[in-house]
Amino acid sequence: MRLPVQETSVQTLQVDIAIIGGGIAGLWLLACARRAGYNAVLFECAALGSGQTVASQGMIHGGVKYTLSGALSGASEAIADMPAHWRRCIKGEGDVDLRGTRVLSEAFYMWSPENALSKVTAFFASKALRGRVDAVKPKDYPAALRHEKFHGSVYRLLDMVIDAPSLLETLRAQNAETVFSVGDQAIAVQSKDKGADIFLQHNNVELCVSSQLCVLAAGKGNGELLQQLAIKNPVMQLRPLQQVMVRHPQLTHLYAHCVGKDSKPRLTISSHATEQGVVWYLGGQLAEDGATLSSAALIAKARKEMEFLFAWINWSEAQWSTFFVERAEPQQPGLLRPDNAWLSPCDELTRCVAAWPTKLTLVPHLGVQMMNYLRAQNIVPQQKDVMPVSWPRMTQIAAAPWQSTQWQPV
């Protein structure tokens, strides 16, 4: 018996702004656009925040960690005001309402074993960083560093730490009816006039989304989208990291950079509560170097590092894991780290832009860039706020690495 062939119906959706990508970049841009009165929608094929956002340590920093060479840099100055910007948003007083986002720590610390900070101590105390860095007295050290065997120096930064899954849920909930799930279907884009249309399928329904501005904010996924559109500029680069996770009965919450004699933090620690206790999530130079190592080799290196820095803890009782992630960014000479968030038109398609925040703390800059671009292109709200009722909404937030990993003793 021959089964009847199901016909595919086609729907068209006209919006002001169509965003591909449900990480922090896409959700932030969606919030900015809708707050300004645009009919904006977002499409995501996996859980919200999958990849870079949920792998973030949640640091909202003002660039002090980029001054370890003893001088201000383009990177440090570009983000100097970011902690204050985010704090305004969390209070509901900024350009995006982040009330309800969980703050893990109102401060970040920088510490050195012994006297490794000596060459930059004078710079930290200079007028250039006044108000951004404060020396901490031993009685005020974070609990993890208050030990008789610790003889280093500790500084307190104005940086803060937020819970990335909480941030994603806050933004999703604000615009829940305009955050759509693509499921396991591929997203297709096709250039049209000076922009790009988006083509999706779900349950034998094809949806064509036309917009005044198409925003590619899919992180690593931008590479495939740019390829579909045959775009030559911008070009994407990937910089890999392998983060380390460790849990141990003695761990307390710590949010800090460990610095040595190099211009980058030797180690960056964020802490995350689980039902099994506190997890330390380790980044910094350890994670940079770990990108080319096996998980086992990186864990062995991390354990050796922790035994040196926290000699008073018996690390044989710890459990370990690693998480590999690639940072997607606009291409820079020599694969260097970009200093700023990035939003630019795709070749001559002035109504289609590619966007990368380059780091969590710079996401507000990306929002400012998009709003400036809309004004420069004279793109004003036009479409009525009509949504395809039958299309599924995306509600799932990606699990944090420490929630979905396999732990192992060493």
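Worth pointing out:
- R0 of 45 Å, Cβ-Cβ distance K149-T395: FRET efficiency to nearest 0.05: 0.40
- Karplus-derived 3J(HN,Hα) values for region 181-193, using 6.51 cos²θ - 1.76 cosθ + 1.60 with θ = phi - 60°, are 9, 9, x, 8, 7, 6, 8, 10, 10, 9, 5, 8, 6 Hz; glycine and proline are entered as x.
- The slack in the chain from T274 to L238, taken as 0.36 nm per residue of separation less the alpha-carbon distance, amounts to 9.9 nm.
- Based on C-alpha pairs under 8 angstrom that are at least 6 apart in sequence, the chain has a relative contact order of 25 percent.
- Sequence-distant lysines (8 or more away, or on other chains) whose Cα lies within less than 21 Å of K91: none
- Look at the dipole of the chain built from charges on Cβ: of G23, N314, P338, the Cα furthest out on the positive end belongs to N314.
- Formal net charge of residues neighbouring P333 (Cβ-Cβ distance under 14 Å; K, R +1; D, E -1): 0
- Given K192/K232; K220/K359; K301/K359; K264/K304, the pairs whose alpha carbons are separated by over 22 Å: K301/K359
- Degrees separating the helix 363-376 axis from the principal Cα axis of the chain, which is the longest one: 40 degrees
- Which of K139, K261, K232, K192 has the fewest Cβ neighbours within 10 Å, and the rest in rising order: K139, K232, K261, K192
- Ellipticity estimate at 222 nm from DSSP helix runs (n ≥ 4, -39,500 (n - 2.57)) divided over the chain, nearest 500: -6000 deg cm²/dmol
- 14 Å beta-carbon shell around V410, net charge (K/R +1, D/E -1): +1
- Cβ crowding within 10 Å ranks D159, D197, D347 as D347, D197, D159, fewest other Cβ atoms first.
- A simple rule links phi to the HN-Hα coupling: the Karplus curve 6.51 cos²θ - 1.76 cosθ + 1.60 with θ = phi - 60°, which for region 85-91 gives 4, 5, 4, 4, 5, 5, 7 Hz, with x for Gly and Pro.
- q = 0.07, 0.09, 0.10, 0.13 Å⁻¹, the chain: log10 I(q)/I(0) [Debye, one scatterer per Cα]: -0.36, -0.58, -0.70, -1.11
- Excluding exposed DSSP-loop GluC sites (Glu not before Pro) (at most 12 other C-beta within 10 Å), longest clean stretch of the chain: 149-274
- Region 314-410: proportion of alpha-carbon pairs further apart than 16 angstrom, %: 75 percent
- Put the Cα centre of region 358-407 next to the Cα centre of region 190-244 and the gap is 13 Å.
Values quoted throughout were computed directly from the atomic coordinates according to the rules given, and no laboratory measurement underlies them. Values in this document were obtained by computation on a predicted structure and should not be read as measured data. Neighbour counts run over all protein chains shown; Cβ positions are idealised from the backbone, glycine included.
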